[in-house]
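> Let me begin by handing over the structure; questions about it come next.
The values are calculated or read from the model by the stated rules, or taken from the named source; none is laboratory data. Note that the coordinates shown come from a computational prediction; the quantities given were computed from them, not determined experimentally. Quick reminder, even Gly has a Cβ in these numbers, built from the backbone with ideal geometry, and neighbours come from all protein chains shown. For accessibility, only protein heavy atoms count, side chains too; no ligands or nucleic acids. Shrake-Rupley method; radii C 1.70, N 1.55, O 1.52, S 1.80 Å.
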Amino acid sequence: MTAVEDRPGDVIQDSPSGGAAGRELGRARRRKEDGRLITGRTKWTDNIVLPGMLHLAMVRSPYAHARITSIDTSAAQGAPNVVAVLTGRDLDDEQGGLPNAWPVTPDQKAPRHPALAVDEVTFAGEAVAVVAARTAAAARDAAELVDVEYEELPVVLDLEEAVTDGAPLAHPSLGTNVSAHWVFDSAEAGTGDDVEQAIARAREDGIVIERRFRQQRLIPAFMEPRSTVVDPTGEQLTMWSATQIPHILRVMLAMVTGIPESKIRVIAPDVGGGFGGKLQVTPEEVTTLLVARRLRKPCKLTETRTESMMVAHHGRDQVQRLTLAATKDGRVTGLKVDLLADMGAYLGLVTSGVPILGAFMFNAIYKFPAYRFECTNVFTNKAWTDAYRGAGRPEATFAIERMMDELAAELGEDPLAVRERNWIRHEEFPFTTVAGLEYDSGNYEAATSRAVELFDYEGLRREQAERRERHDPVQLGIGVSTFTEMCGLAPSRVLGSLSYGAGGWEAASIRMLPTGKVEVVTGSSAHGQGHETAWSQIVAERLGVPFEDVEVLHGDTQVAHKGMDTYGSRSLAVGGIAVVQAADKVVEKARTVAAHLLEADPADIEFTDGRLSVAGTDKGMTLQEIALAVFAAHNMPDGVEPSIDADAVYDPDNFSFPHGTHLCATEVDTETGAVRIRRYVCVDDVGEVVNPLIVEGQVHGGLAQGIAQALYEEAIHDDQGTLTTATFVDYLLPSAVDLPHFVTDRTTTPSSTNPLGVKGVGEAGTIASTPAVVNAVLDAVRHLGVEDIQMPMTPQRVWRAIQEAVPVAQEESR
């Protein structure tokens, strides 16, 4: 059962040609994009073939930390079909350093990040040379012939060890493994009380919960490996890349290489998934550009799956220490967070800022009077981390939802009751949190009530009690996650206050063609989200034109010359609103022309369902008729240019704050440690919905990734720093048969900060589901003495936790 099936208004509809304009927002249309995607009638970056194109292959270090003592390329240079072999030193004068756009503190330490290492490698898989050949096979074969001599250096891999005295240094030249230390304190910021005082009071006459949680390292594992093609033969240098950020990439390539931005064109064709993993300026992109420019030939570099797993940036990887203070009746009074965040070997585009995003979400939906967050960013000899679906907010939600369950266990109360006692009530919105954010709208009671109803919460609690009473070897656990998140990563002024190197606005243009068709140009760059469909629905409704008459153009910096791209659940809440504003400008321009042609006052022109009419009469013109009249320009008002096209740039005043309640029931076999999700219910509030079918897809995909973190996924390195989970044989991803049937629904409290009332949905499922599953597993075995199991909760880890806890629990019960 899903929202699409539950709601009468959510019937899935195809897109017949020649359809009339009508109500579009809230209509469950099949995606325009899917026809070409599922039939293979699309073009991925790796499909691109250009005349005379060369293929590149990287030579990568097998060591996590080593000094490069020599590189002999002679054998590779002499191999069949090889055109060139270049090392980091060959390109050093022009490769610069890859950018970090988020220096979170003024004294942040960051090593230079070359596309090709020159003197030293700092993680296994770092590229040291590149081969250009006439075929991909020849390039790969020749890469094996490059002879690199290394002098191994000490490695530091463990996050907690890295900050101890005497630990090996990931970058000896820095003199430390600490990149930055960032602090938010509610007392100092004036947003709340002193947390140390709150904890001290709770130690005397209340409850103090202290826990350590481990967020394991994850790999984005997008379906399409990264690929880059560069054509240097025209007036402009053109790059095709499987990227989420063509506009940002263009700017950064110009800054890194010194090539004028006007001479660079970046195209993101259809992109096979990203999840934040393609929110990056990569060594491969820069290397391909430099080699193509040097050889004056088109070049292509497509990574293998193992390369993708090894060197495309990773996600999460934190050690979280939390202290929660509460009164004896379970009302929270303070929260203290001490975070160690693994940067890996380098700072990528937003690496350093990812854990800082979480700083504003640890307080979640709860009314903490006092709060302190400290984060230490740490270098290790592993691939660098960066944005991965949710980027800082899943980590924060996991920690606080685990802590709320721990508080409930300490009180001996139902975890839902403890949450309800502490959350922001619907009548209290807008609400300024202890972290300084203003939540504009929400109704946590409504979402929770609906989830409890769909879940059969009381019935499952009764079954749980019965299983415990009869000592059933398969125990039932119930997990709760009530969450919110900050979406629409924007307001530029807020990003600026956090030292982020760019704005958060988005751009859109609408072009009214003489034939009455509409072109929408958007700076948002889709990689699976369904922008072409959703933007068409927005414009069709706003302009009163048929859905089929709207064409959405994106992902090419020469077509959409201005944009901030796609990440952080910002596309609809920022990019979609830019489209709305552009559409409204089209109507206002058309109103002026219509008034002139209809010999009426502009104030008397009414716009309804694509028609501009004189109020109180039957005189009117369609928007399409006005577009044709403007094209001819035979009878324009004085001083009015012959165009009703419009541009808009939208920079929101606030984030948007979707929320929801996720409930999970797991069956845990106490004899084997096996976990089975028996039931999963989520009720999300994502504001107003443009297309319910797309929302469902986003929720389902997010749930799969969040559940995968709880039960399956982990990037593991050996003690030398080699990634041992570099294939899908070793890095465990769930398939459809491993996941339960999801029961989903929605409640709606429109956002008050944008005209559509939308909030964002791309990351909600991932953020909420991980703690729901973990809490469910622990709830199944807590009565056996188990208090924590590190993710992923594999059968071995679950079984071992039970074996270690049961004797202790038995001894304590005597």
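> Taking all protein chains together and a probe of 1.4 Å, list 515, 670 from the most accessible to the least accessible.
Descending order: 515, 670.
> While we're on this one: Let me see the P(r) profile for segment 656-719: every Cα-Cα distance counted, bins of 5 Å, each bin given as a percent of all pairs.
Each 5 Å bin holds this share of Cα pairs: 4, 12, 19, 21, 15, 12, 8, 5, 3, 1.
> Also: Note down the nm distance, to one decimal, between modelled labels 7 Å out along Cα→Cβ at residue 212 and at residue 519.
Going from the residue 212 label point to the residue 519 one covers 6.0 nm.
> At R0 = 60 Å, how high is the FRET efficiency between residue 429 and residue 729 if r is their beta carbon distance? Nearest 0.05 is fine.
So, using R0 = 60 Å, E works out to roughly 0.80.
> Next question. Enumerate the calculated ³J(HN,Hα) couplings along segment 191-197 in order (Karplus 6.51 cos²θ - 1.76 cosθ + 1.60, θ = phi - 60°), each rounded to whole Hz, writing x wherever the residue is Gly or Pro.
9, x, 8, 7, 6, 5, 5
> Work from the charge dipole of the chain (Cβ charges, +1 for Lys and Arg, -1 for Asp and Glu, about the Cα centre) and give the residue of 348, 785, 480 farthest towards its positive end.
348
> Length gain on complete extension for the stretch residue 183 to residue 374, per 0.36 nm per residue less the alpha carbon to alpha carbon distance?
Additional length available on full extension: 68.3 nm.
> For an R0 of 45 angstrom, estimate the FRET efficiency from the Cβ-Cβ distance between residue 492 and residue 804 and round to the nearest 0.05.
0.35
> Treating only the Cβ of Lys, Arg, Asp and Glu as charged (+1, +1, -1, -1), what charge dipole size does segment 505-650 show about its Cα centre? Round to the nearest 20 debye.
In debye, rounded to 20, segment 505-650 gives about 240.
> Which lysines, on any chain, are close to residue 367 with Cα under 26 Å apart, when same-chain ones fewer than 8 places away are left out?
328, 336, 759
> Heavy-atom accessible area per residue, the chain, 1.4 Å probe: how many Å²?
Accessible surface, normalised per residue, equals 37 Å².
> Expressed as cubic angstrom per residue, what is the convex hull volume of the alpha carbon set of the chain?
177 Å³
> Using a 1.4 Å probe on the protein heavy atoms, what percent of the accessible area of segment 143-199 belongs to carbon and sulfur?
In segment 143-199, the share of accessible area belonging to carbon and sulfur is 44 percent.
> Same structure again: Where the only charges are on Cβ atoms (+1 Lys, Arg; -1 Asp, Glu), what is the dipole of the chain about its Cα centre, to the nearest 20 debye?
1160 debye
> List the pair-distance distribution P(r) of segment 133-240, using every Cα-Cα distance, as the percent of pairs falling in each 10 Å bin from 0 up to the bin containing the longest distance, rounded to whole percents.
Going out from 0 Å in 10 Å bins, segment 133-240 shows 9, 15, 22, 25, 14, 9, 6, 1 percent.
> How big is the accessible area of residue 426 in square angstrom, nearest 10, if you roll a 1.4 angstrom probe over the protein chains?
Roll a 1.4 Å probe over it and residue 426 shows about 90 Å².
> Cross-link list 109/278; 43/562; 297/517: which exceed 28 angstrom alpha carbon to alpha carbon?
In this structure, 297/517 exceed 28 Å between Cα atoms.
> Can you give me the distance in nm between label points at residue 471 and residue 254, each placed 7 Å from the Cα along the Cα-to-Cβ direction?
7.4 nm
> Go ahead and estimate [θ] at 222 nm for the chain from helices alone: -39,500 (n - 2.57) per DSSP H run with n ≥ 4, summed, over the residue count, rounded to 500.
Result for the chain: -9000 deg cm²/dmol, rounded to the nearest 500.
> Extension gain residue 592-residue 161, at 0.36 nm per residue separation less the Cα-Cα distance, in nm?
In short, 148.3 nm is gained.
> A further question follows. Quick one: if the Förster radius is 41 Å, what FRET efficiency do residue 151 and residue 203 give, using the C-beta to C-beta distance and rounding to 0.05?
Step by step, r from the Cβ atoms, then E = 0.20.
> Subtract the Cα-Cα distance of residue 736 and residue 453 from 0.36 nm times their separation in residues, and report this length gain in nm to one decimal.
Stretched out fully, the residue 736 to residue 453 stretch lengthens by 99.3 nm.
> For residue 266, which sequence-distant residues (separation of 5 or more, or a different chain) have an amide H within less than 5 Å of its own amide H, given hydrogens modelled in the peptide plane?
Close amide H contacts, sequence-distant or interchain: 239, 557, 558.
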